[in-house]
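Heads up: the structure comes next, in structure tokens.
The values are calculated or read from the model by the stated rules, or taken from the named source; none is laboratory data. Here the structure is a predicted model, which means the values were calculated and not measured. Here Cβ is always computed from backbone atoms with ideal geometry, including for glycine, and neighbour counts include all displayed protein chains. These accessible areas exclude ligands, DNA and RNA; they are computed on the full protein's heavy atoms, side chains included. Shrake-Rupley method; radii C 1.70, N 1.55, O 1.52, S 1.80 Å.
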Amino acid sequence: MTEATTSVTERLLDATEKLLAEKGIRATTMQQVAESAGVSRAWLYRHYPDKPSMIGATIVRLTESFWREARAELDTIDGFAGQLTAGVRIGRGAYDDPGTLLMRLRTEEPHEFAECAGIGVVRLVPDLAAFWLPYVEAAARRGEIHPGHNLREVSEWVARVLISLGTSPGETIDIDDAAQVRRHVERYVMPGLRARPDA
């Protein structure tokens, strides 16, 4: 892709993101995106043949940005318990920019979001499990996870635990208090990972 084409693509995605934030999926039109990006409709259609592909590309860019920033932060933390604790906070931060737009579109216009995002982006548990798999594998190499565990199953369980902790406040833990989250992880999550699976 040439630099000029990349520049136009970025302008189109920037314009789409801005309009999605202002109007949502249903109210955003191809014409508005073209005008906002300063290109003709014909030029827009050369890049994106229809509205779902244009919005889908924007959703993918937002998602990749969120995961990239999360990975950069987790890579600086030693120990799986610390990474999981940070993971709860990062997950709760998904409601902040740029995550807030993704969450808002996903919750307010779920049908349109699914149509534009495609099955690969809307599968929250498998995507989150895949994101955590390298951290699970590293924890297993460090001896923090019993070698008898199936690491893919562990990754999915971790994804489900983090979704639950991050989205469902309870009466015994303040999920916005890192010390309480860390204590919960150390007391309940880590012992399960260290235990022999058939014990």
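Key figures
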| quantity | calculated |
| --- | --- |
| Length-normalised contact order of the chain in % [C-alpha pairs under 8 Å, at least 6 apart] | 21 percent |
| Cα-based Rg and Dmax for the stretch 1-69, where Dmax is the largest Cα-Cα distance (Å) | 11.5, 35 |
| Per-residue HN-Hα couplings for the stretch 32-40 [Karplus 6.51, -1.76, 1.60; θ = phi - 60°; Hz; x = Gly/Pro] | 4, 5, 4, 5, 5, 7, x, 10, 6 |
| Projected-area average for the chain over all orientations - Cα convex hull basis, square nanometres | 13.2 nm² |
| Shape of the stretch 53-94, Cα gyration tensor, a/c cut at 1.5 | prolate |
| Accessible area of SER164 in the full protein assembly, 1.4 Å probe (Å², nearest 10) | 60 Å² |
| Contour excess over end-to-end distance, with Cα ends at ASP78 and SER53 and 0.36 nm allotted per residue | 5.1 nm |
| Computed label-point distance, nm, for sites TYR45 and HIS111 using a 7 Å Cα→Cβ extension | 2.6 nm |
| The stretch 102-199, Rg to Rh (Cα coordinates; Rh as Kirkwood inverse mean 1/r) | 1.04 |
| Percent carbon-and-sulfur accessible area, the chain, ignoring ligands, DNA and RNA, probe 1.4 Å | 53 percent |
| Alpha-carbon centroids, the stretch 56-87 and the stretch 131-196: separation in whole Å | 16 Å |
| Debye equation applied to the C-alpha atoms of the stretch 32-102, log10 I(q)/I(0) at 0.11, 0.18, 0.22, 0.24 Å⁻¹ | -0.42, -0.75, -0.93, -1.02 |
| ARG196 paired with ARG104, simple spin-label distance in nm, labels 7 Å along Cα-to-beta-carbon | 5.3 nm |
